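Engineer: Quick one: the structure is below, questions incoming.
The values are calculated or read from the model by the stated rules, or taken from the named source; none is laboratory data. Everything numeric here is computed off the predicted structure, so don't read it as measured data. Positions of Cβ are generated from backbone atoms using ideal geometry, with glycine treated the same way; all protein chains shown enter the neighbour counts. Protein only, heavy atoms only, side chains kept; ligands, DNA and RNA dropped before computing areas. Shrake-Rupley method; radii C 1.70, N 1.55, O 1.52, S 1.80 Å.
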Amino acid sequence: MFAALAFAVAGGIVYAFTESQNPATLSSAKAAKAAQDNKGAAGPLVKTQTGLPLPRFVSLKSERVNVRRGPSNEHGVAWVFTRKSLPVEIIAEFDHWRRIRDSEGAEGWVYHSLLVGRRTVIAAPWSKDKVMRLLASASASGDLVARIGSGALGELKTCDGKWCYTAFGGYEGYVSQETLFGVYPGEVYSK
């Protein structure tokens, strides 16, 4: 059940811009921030045995990733991700295992070698059937490059705390940071 949900969330659509239209209505900034906060983004960063901060975002390394109920192969598989590069949030570490949280808030344990530090994002997975705008500049009045369906998987390139430069389906441009899962509200990021 969870694997199908994870795949559906990541199976969003990118619409190439072909005509001039009004901006799509986004969920309010307050709702988007609340959705991100519910994913555990709030709170201070904690140093771990790896020396890396918690929480932090990473992505799935393989097409098939088992998520276990505990931090060992002895624990049963809770669900299986079936989509490479999905962003997940590491919220705890134990030995070579990482406790992760996905875009729907589900948590489980993944072996460290199945995760990579490459940052990816999902466009507004909490807003089903919404369309976001990929813009040519970091401004709400920027020229439209493409339309991004909720659940679309993209590559994160940079963020300034309000806007993120991303790549979705071969198109590059800026998206409001509050509409993305895979980057924290207000986070400044560069590759």
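Engineer: Taking the conditions exactly as written (open to solvent by 50 Å² or more (accessible area, probe 1.4 Å), more than 25 Å from PRO55 (Cα to Cα) and not aromatic (Phe, Trp, Tyr)), does ALA146 satisfy them or not?
Structural biologist: no
Engineer: Pick from segment 65-110 the residues that are of a type in the set (Phe, Trp, Tyr) and in contact (Cβ under 8 Å) with a residue 40 or more places away in the chain: which of them is nearest to GLY51 (Cα to Cα)?
Structural biologist: Among them, the one singled out is TRP109.
Engineer: Return the residues of segment 162-179 that are surrounded by 18 or more Cβ atoms within 10 Å (Cβ to Cβ), free of Cβ contacts under 8 Å to residues at least 40 places away in the same chain and of a type in the set (Gly, Ala, Ser); say none if nothing qualifies.
Structural biologist: Passing the criteria: only GLY173.
Engineer: Tell me whether segment 122-137 contains one or more residues that are under 20 Å from TYR184 (Cβ atoms) and β-branched (Val, Ile, Thr).
Structural biologist: Looking for residues that are under 20 Å from TYR184 (Cβ atoms) and β-branched (Val, Ile, Thr), one finds at least one in segment 122-137, hence yes.
Quick grid of which residues meet (1) of a type outside the set (Ser, Thr, Tyr); (2) closer than 25 Å to ARG101 by Cα:
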| residue | (1), (2) |
| --- | --- |
| VAL131 | yes, yes |
| ALA140 | yes, no |
| ASP143 | yes, no |
| ILE148 | yes, yes |
| THR166 | no, yes |
| THR179 | no, yes |
| GLY182 | yes, yes |
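Engineer: Here's another thing I want to ask about it. Which one of VAL80, VAL188 is surrounded by fewer than 16 Cβ atoms within 10 Å (Cβ to Cβ), modelled with pLDDT of 95 or more, of a type in the set (A, V, I, L, M, F, W, C) and more than 15 Å from PHE57 (Cα to Cα)?
Structural biologist: VAL80
Engineer: A further question on this structure: From the list ARG56, ARG118, ARG133, ARG69, which residue is among the charged types (D, E, K, R) and open to solvent by less than 40 Å² (accessible area, probe 1.4 Å)?
Structural biologist: That would be ARG56, the only listed residue that is among the charged types (D, E, K, R) and open to solvent by less than 40 Å² (accessible area, probe 1.4 Å).
Engineer: Can you confirm whether GLY182 is crowded, with 18+ Cβ neighbours inside 10 Å, closer than 30 Å to ASP95 by Cβ and in contact with a Phe, Trp or Tyr (Cβ under 7 Å, 6 or more places away or on another chain)?
Structural biologist: Yes: the conditions hold for GLY182.
Engineer: If you don't mind, another one. Considering only residues of segment 71-115 that are in contact with a Pro (Cβ under 7 Å, 6 or more places away or on another chain) and β-branched (Val, Ile, Thr), which is nearest to LEU153 (Cα to Cα)?
Structural biologist: ILE90
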